[in-house]
Amino acid sequence: MEEAINSFLESDFEMSNLYLSEKRDISEHEEVELLLEGYRLDLQEIQLSNRTMLAQVLEVDLSITAAFDSSAKYKVLSQEQT
């Protein structure tokens with residue numbers, strides 16, 4: 001998605017062709033450029049949020065795994081003592 005937005009931002013011709021209501025000169029694409037830059041920033045923010053959330057999920061997974069491992073070892077030790 002980000003690559004598509006970047007490719008539009010690199011081409012004045014492509015940005016000017018995004019106007020649907022009227023044809024514009026190639027140099028008249030400021031509104032489209034601002035919108036695409038805004039979309040790109042939003043996309044980057046979403047990607048960062050997803051990476052942060054994934055890191056948190058992995059951290060919780062490690063904690064749960066460690067807790068289960070500890071609990072299982074405790075049960076084995078308790079059974080061996082009886």
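What do you get for trypsin sites (Lys or Arg not before Pro) in segment 6-57 restricted to DSSP loop and a cutoff of at most 12 other Cβ within 10 Å of the site's Cβ? Don't skip to the end; give the middle numbers.
Numbers: sites: Lys23, Arg24, Arg40, Arg51; in loops: Lys23, Arg24.
Qualifying residues, ordered by number: Lys23.
Measure nothing but the geometry: give the 0 to 90° angle between the long axis through the Cα atoms of 30-81 and the longest principal axis through the Cα atoms of the chain, rounded to 10°.
Helix 30-81 sits roughly 10 degrees off the main axis of the chain.
Fully extended, how many nm does the chain gain between Leu58 and Gln79 (0.36 nm per residue separation, minus their Cα-Cα distance)? Display every interim value, and only then the final one.
On the way: separation 21, 0.36 × 21 = 7.56 nm, distance 3.16 nm.
Answer, rounded to one decimal: 4.4 nm.
Residues in segment 10-26 near a label at Leu43, defined as backbone nitrogen under 20 Å from the 7 Å Cα→Cβ point?
So the set is 10-20.
Given Tyr19, Ala55, Leu9, which one lies farthest toward the positive end of the charge dipole of segment 2-81, if we put +1 on the Cβ of every Lys and Arg and -1 on the Cβ of every Asp and Glu?
Ala55
Once you put a point 7 Å from the Cα of Asn17 and another 7 Å from the Cα of Ser71, both along the Cβ direction, what distance in nm separates them?
Computed distance between label sites Asn17 and Ser71 equals 5.9 nm.
Using the basic label-point model (7 angstrom from Cα toward the beta carbon), what is the Arg51 to Met1 distance in nanometres?
It works out to 1.6 nm between the two label points.
Any idea what the dipole of the chain comes to, in debye rounded to 20, about its Cα centre with Lys/Arg Cβ at +1 and Asp/Glu Cβ at -1? Before the final figure, lay out each step's value.
On the way: 6 positive and 18 negative charges, 182 e Å.
Roughly 880 debye, rounded to the nearest 20.
Taken together, the values in this text are just the output of simple stated rules run on the coordinates, not laboratory data. Keep in mind that this is a model prediction, so the values were computed, not measured. Using ideal geometry, Cβ is built from the backbone for each residue, glycine included, and neighbour counts are taken over all protein chains shown.
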